[in-house]
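First up is the structure itself, then whatever we jot down about it.
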């Protein structure tokens with residue numbers, strides 16, 4: 001199959017990325033018009049529909065999957081149900097909260113082959129759920145690609161989980177982490193999957209852009225960053241810990257990182273960049289490499305927490321000279337203002353301030369006392385030299401059989417009153433790059 005036209009996004013994410021907007025299908029009649037509720041929530045055994053299901057629908061343990069006549073097949077609905085239930089089990093086992101409304105009602109899932117993207121998760125407000133409850137859209141045309149469709153379902157369901165913890169909003173400091181986490185969640189559900197490998201290139205090609213960039217690509221590629229946190233900060237619970245912090249603190253995600261992981265954001269991004277460039281964790285050995293630059297050809301620049309990579313022939317010692325902003329240089333074992341690398345090793349420079357940075361690199365010919373001078377030695381456990389399940393995280397293994405370039409993962413949308421039109425993803429077709 002060809003690459004899907006667009007990954008799903010929330011309207012807030014689209015606004016942050018400057019994308020043109022088009023209307024998604026209006027909320028179908030009957031959704032949100034639930035039976036009167038009162039008293040304590042009903043136990044799951046009494047789960048029922050919130051509103052009126054379509055004539056064509058399939059109910060699973062936690063979902064009601066609906067489609068208009070001719071819009072999907074029972075086989076596609078069953079594939080969605082299997083994938084969604086598997087993701088539900090994985091998130092519950094990992095300690096993530098259940099989506100809003102799911103204690104009493106089936107979660108609504110709509111199969112729509114005319115959806116401009118591959119998936120969408122939107123939140124709606126009603127009197128019963130003033131905090132909002134989620135609805136998931138999936139494009140059933142991608143069900144024939146089972147690994148991708150499963151990752152899409154995992155991605156969309158995780159957006160529904162995210163809504164139970166934090167509200168999304170338009171500024172770019174917010175929505176990137178929603179997509180980076182939902183992409184990572186595909187590995188939590190299916191360790192070793194390659195279904196979203198193609199999205200990582202959207203980070204690698206533009207590693208110099210700000211970490212919170214929203215351009216309908218980079219934010220999905222930042223799943224490589226959340227996987228790095230998983231594999232170097234204690235496992236999958238490290239990602240949940242970040243979201244738990246964000247549930248009570250609305251600060252931008254970059255500002256939350258130090259309190260959760262005990263290191264400044266600049267160091268975390270620097271370690272991620274150099275580990276990624278040296279193929280030293282997770283799926284990096286098969287992911288796209290960042291562009292390599294000539295260290296003597298500067299000056300160079302990067303946006304906030306973005307980076308550039310260098311692999312000088314013969315390696316050598318290099319000193320960072322910052323002309324504007326703040327930055328650090330990192331090698332496989334060092335973060336600081338100078339580095340020594342062997343032939344074939346890559347070092348990176350990462351901008352460590354919200355203003356970004358401009359810098360030059362100078363070869364250091366004198367004996368400076370060792371590779372670690374001027375830098376902070378990295379703990380071996382933080383270097384990410386092991387990936388996948390063996391590293392204790394949700395990262396991938398080198399499993400075969402799920403390669404290829406597929407459509408984007410999914411998205412989420414800000415809360416809207418029932419009946420309001422959603423800002424859409426149809427016009428993202430022109431913006432999506434092929435993996």
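The values are calculated or read from the model by the stated rules, or taken from the named source; none is laboratory data. Keep in mind that what you see is a predicted model, and the values were worked out from it rather than measured. Ideal geometry is used to build each Cβ from the backbone, glycine not excepted, and the neighbour counts take in all protein chains shown.
Pick out the one residue from 160, 211, 180, 164 that is buried (at least 24 other Cβ atoms within 10 Å of the Cβ) and in contact with a strand residue (DSSP E or B) (Cβ under 9 Å, 6 or more places away or on another chain).
Just one listed residue meets the conditions, 160.
Residues to consider are 274, 328, 341; find the one that is farther than 24 Å from residue 221 by Cα, surrounded by 23 or more Cβ atoms within 10 Å (Cβ to Cβ) and touching a strand residue (DSSP E or B) at 6+ places or on another chain (Cβ under 9 Å).
Unique residue meeting the criteria: 341.
Rundown of residues vs (1) under 19 Å from residue 152 (Cβ atoms); (2) exposed (fewer than 12 other Cβ atoms within 10 Å of the Cβ); (3) at pLDDT below 95; (4) in the same structural domain as residue 168 (by TED's automatic domain parsing), yes/no style:
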residue	(1), (2), (3), (4)
6	yes, no, yes, no
21	no, no, yes, yes
63	yes, no, no, yes
81	yes, no, no, yes
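Quick check on this structure: which one of 385, 373 is in contact with a helix residue (DSSP H, G or I) (Cβ under 9 Å, 6 or more places away or on another chain), assigned to a loop (DSSP other than H, G, I, E, B) and modelled with pLDDT under 50?
385
Provide a single number: the residues in the range 272-285 that are touching a residue at least 60 places away in the same chain (Cβ under 8 Å) and in contact with a helix residue (DSSP H, G or I) (Cβ under 7 Å, 6 or more places away or on another chain).
Counting residues in the range 272-285 that are touching a residue at least 60 places away in the same chain (Cβ under 8 Å) and in contact with a helix residue (DSSP H, G or I) (Cβ under 7 Å, 6 or more places away or on another chain) gives 6.
Just checking, how many residues over the range 246-284 are outside any helix (DSSP H, G or I), in the same structural domain as residue 321 (by TED's automatic domain parsing) and within 19 Å of the chain's Cα centre (by Cα)?
Total meeting the criteria: 4.
With the structure loaded, tell me whether residue 152 is assigned to a helix (DSSP H, G or I), under 25 Å from residue 73 (Cα atoms), touching a strand residue (DSSP E or B) at 6+ places or on another chain (Cβ under 7 Å) and at pLDDT 95 or above or whether it fails that test.
Spelling it out, residue 152 is indeed assigned to a helix (DSSP H, G or I), under 25 Å from residue 73 (Cα atoms), touching a strand residue (DSSP E or B) at 6+ places or on another chain (Cβ under 7 Å) and at pLDDT 95 or above.
Looking for something closer than 24 Å to residue 223 by Cβ, buried (at least 23 other Cβ atoms within 10 Å of the Cβ) and free of Cβ contacts under 8 Å to residues at least 40 places away in the same chain - is there at least one such residue anywhere in the range 261-271?
Looking through the range 261-271, at least one residue is closer than 24 Å to residue 223 by Cβ, buried (at least 23 other Cβ atoms within 10 Å of the Cβ) and free of Cβ contacts under 8 Å to residues at least 40 places away in the same chain.
Identify all residues within the range 325-340 that are part of a strand (DSSP E or B) and farther than 14 Å from residue 363 by Cα; write none if there are none.
325, 327, 328, 330, 331, 334, 335, 336
Going by the conditions given, is residue 226 free of Cβ contacts under 8 Å to residues at least 60 places away in the same chain and more than 23 Å from residue 116 (Cα to Cα)?
yes
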